[in-house]
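> One structure, pasted below without further comment.
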């Protein structure tokens, strides 16, 4: 009996120690935040003071936002004391706008007469086809994570249940980017399409345990891929892209082919906690700066809103256990500063036309696995 009480007390302590949700933030302090998220800031240091100021400003913003009616809630998470520059590094991906697909790729449209189901949710697939939510850390390797996750999912589908964690680091460190598509490569950004092309040329991607992720603190690392020592586990023969800015094509590709690597404007996602996000505003233009994985769609009955279900790579502390739901709409607008803002490939147009919340319908691809 004594042992049982001790176990129960320990479980209660674990529950009560969880970071607060959006409706529990009154009186929440930076000191509590540092403890909850195990931050290394030393009290009394300049670093502590700087981070505390950032946190207090974000907390005030979150509470003011949540006091107004909205379809989603903002909250506090592990990013709440990061500087704007540190946050920007997370968004290391801007989509590949090349008008012509490579010879290894083809376009996906909705088949004639295709009727999409009312909902799709690959987080509930059995056998599972999604690995655990990852944490890219302070490296702009979102493009590598989205590409790796999509290869994992496609292999699990093709093998009817064999799900393996593949190496994000191999793609981050080894993918060439001579035309500076989506950045200059590694932690400074690239594209999922480049990642798929690299895996094809390299003869495959190995498992994560053979080439583990080391870029958490922002170092891209030198490519140390050796196909003899690090056995290629899954190969890619090409990729397919859903017709740009076409809701029906994206829904069909997602339903028929599985999870997709996508591009989005995530510049205002950092405080998202729950609900259906509708914070991207085309009246102010958007900037697709992040790569994630599209894993479903559905309808929120309480909000009476349709949504896309997206898997992020900012750890499970972000959003709804690492996921975000974006409102499913067909609003369109311009993505600006394509080259000057650090995106696109050298020599491309500086502005592109994108549709869907945060540009979600613009660049939707999945790999073809061998």
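Derivation of every value follows stated rules applied to the coordinates shown; laboratory data play no part. Please read these numbers as outputs of a predicted model, since none were measured by experiment. Heads up, the Cβs are rebuilt from the backbone with ideal geometry, glycines too, and the neighbour counts pull from every protein chain shown.
> Using only alpha carbon pairs under 8 Å that are at least six residues apart, calculate the relative contact order of segment 60-214 and give it in whole percent.
Normalised by residue count, the contact order of segment 60-214 is 25 percent.
> Under the definition of Cα pairs under 8 Å and six or more residues apart, what whole-number percent is the relative contact order of the chain?
Result for the chain is 21 percent.
> Could you work out the helix-only [θ] at 222 nm for the chain, with each DSSP H run of four or more residues adding -39,500 (n - 2.57) and the total divided by the number of residues, to the nearest 500 deg cm²/dmol?
-8000 deg cm²/dmol
> Shape of segment 177-319 from its Cα gyration tensor (a ≥ b ≥ c, root eigenvalues): rounded if a/c is under 1.5, otherwise prolate when a/b > b/c, or oblate?
prolate
> While we're here: Rank 356, 221, 75 by mean-square fluctuation in a GNM of the chain with C-alpha springs under 10 angstrom and give only the top-ranked residue.
Looking only at 356, 221, 75, the biggest GNM fluctuation is shown by 221.
> Just to be sure I follow: if Rg is taken over the C-alpha atoms of segment 270-370 and Rh is the Kirkwood radius over the same atoms, what is Rg/Rh?
Radius of gyration relative to Kirkwood radius: 0.99.
> Sorting 106, 217, 164 on the 10 Å Cβ count, fewest up front, what's the list?
The fewest-first ordering by Cβ neighbours comes to 217, 106, 164.
> OK, next. Arrange 209, 353, 314 by Cβ neighbour counts within 10 Å, fewest through most, would you?
With the sparsest Cβ surroundings first, the list reads 209, 353, 314.
> Could you run the Debye sum over the Cα atoms of the chain, one equal point scatterer each and no solvent, and tell me log10 of I(q)/I(0) at q = 0.11, 0.13 Å⁻¹, two decimals?
Here log10 of I(q) over I(0) equals -0.77, -1.06.
> Where does each of 264, 199, 85 land when they are ranked from fewest to most other beta-carbon atoms within 10 angstrom?
Fewest-to-most Cβ neighbours within 10 Å comes out as 85, 199, 264.
> Where the centre of each part is set by its Cα atoms, how far does segment 153-217 sit from segment 122-149, in angstrom?
One Cα centre to the other: 11 Å.
> Right, next: So for the pair residue 321, residue 212, with labels modelled 7 Å out along Cα→Cβ, what separation do we get in nm?
2.6 nm
> Rank 45, 153, 263 by mean-square fluctuation in a GNM of the chain with C-alpha springs under 10 angstrom and give only the top-ranked residue.
Its mean-square fluctuation being the largest, the pick is 45.
> Moving on to the next point. Using Cα springs under 10 Å in a Gaussian network model of the chain, which residue among 291, 302, 67 shows the largest mean-square fluctuation?
Most flexible of the set in this elastic network: 302.
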